[in-house]
Amino acid sequence: MSVHVNISDQPISAPELLKDFESKLSSSGGVVSFSGVVRPDGKDSRVLGLFLQSYSPMTENGVEAAVEQARSRWPLEALTVHHRTGEIRTGETIVFVATASRHRRAAFEAADFLMDYLKTEAVFWKKEITEAGDVWIEPREQDYQDNQRWQQSETN
Amino acid sequence: MADILYFGRLSDVTGKPFESVDLPSDISHARNLRSWAEARFQAEGMFLEPTVRIAINGEIVDDAHPLANANEIAFMPPVGGG
């Protein structure tokens, strides 16, 4: 099982990360990747970028724990999580998650689970930098509901 | 002397992300920190919100947690990345 977690202020190139991820696989039949990209449209005005704060090492420890959960729940051959901090401009990639497994379902679900964790539990604070000023963004109710699905399915 | 960190929208209210403070001696538990910060920054209740969590020395604690040996205190509004 190969695991890679990276949290840094350096740019993310999703195509390069995916190529590298796939090149190291030997037994997987399904690879899922997700890229989160900074959207140009904000709630009220045009978004120029985001500013992401983290709290080291709490942020890293939390992501590592979520990765451990994913490993114990799904039979994965490999998993990678990259998340940016600092200033990120519109159109740039803020997060990249990839998972690989023998069959597709485990890869889809593990990637979905990790993204829900990153959206609602990972220790980041996110500020939208817009033409009309800066505004801190917190998770939406929908994000919390999405994350809740994994707790429900655990008790079934 | 304790380092106090104000994350996310809290730094807009405090005007700074961080400060080093000699806390008054009557602040013995995490819950006292809330009212202390609230009064210090006239934060309109922001520090009293239950969704604003407190971490001491890198661990999230509840309001009843004692402050002994608190070198680093963080006020954490709701988190989320991605």
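Values in this text are rule-based calculations from the coordinates and carry no lab data. These numbers were taken from a predicted model, which means no experiment stands behind them. Positions of Cβ are backbone-derived with ideal geometry, glycine not excepted, and every protein chain shown enters the neighbour counts.
Structure notes:
- A cut-off under 14 angstrom between Cβ atoms defines the neighbours of A:Gly62, and their net charge, with Lys, Arg +1 and Asp, Glu -1, is -4.
- Relative contact order for region A:2-155: 33 percent, from Cα pairs under 8 Å spaced at least 6 residues apart, divided by residue count.
- Sparse-neighbourhood loop sites, GluC sites (Glu not before Pro) in region A:73-152 - DSSP loop, at most 10 other Cβ within 10 angstrom: A:Glu131
- Ordered by the number of other Cβ atoms lying within 10 Å of each residue's own Cβ, fewest first, A:Lys127, A:Lys24, A:Lys19 fall into the sequence A:Lys19, A:Lys24, A:Lys127.
- Charge-dipole axis of chain A as Lys and Arg at +1 and Asp and Glu at -1 on Cβ define it, positive-most pick from A:Gly133, A:Tyr55, A:Ile12: A:Ile12
- In region B:2-76, a dipole from Cβ-located charges (positive for Lys and Arg, negative for Asp and Glu) runs towards its positive end, and of B:Ala70, B:Thr14, B:Ile27 it is B:Thr14 whose Cα lies farthest in that direction.
- Over all other residues within a Cβ to Cβ distance under 11 Å of B:Phe18, the charged ones net out to -2, with Lys and Arg as +1 and Asp and Glu as -1.
- Fewest neighbouring Cβ atoms within 10 Å first, the residues A:His83, A:His4, A:His103 line up as A:His103, A:His4, A:His83.
- Sum of side-chain charges, A:Thr120 neighbourhood, beta-carbon under 10 Å (Lys, Arg +1; Asp, Glu -1): -3
- Listing A:Leu114, B:Leu23 from fewest to most neighbouring C-beta atoms within 10 Å gives B:Leu23, A:Leu114.
- The charge dipole of chain B, taken about its Cα centre with unit charges on the Cβ atoms of Lys, Arg (+1), Asp and Glu (-1) only, comes to about 120 debye.
- Using the alpha carbons alone, the radius of gyration of chain A stands to its Kirkwood radius in an Rg to Rh ratio of 0.98.
- When each of A:Lys43/B:Lys16; A:Lys127/B:Lys16; A:Lys43/A:Lys126; A:Lys126/B:Lys16; A:Lys43/A:Lys119 is checked by Cα-Cα distance, pairs over 21 Å: A:Lys43/B:Lys16
- Within region A:2-155, percent of DSSP bridges classed antiparallel, to nearest 5: 80
- Shielding by other protein chains, B:56-65, mean Cβ within 10 Å: 1
- Put a plus charge on the Cβ of each Lys and Arg, a minus charge on the Cβ of each Asp and Glu, and nothing anywhere else: the dipole of chain A about its Cα centre is then about 420 debye.
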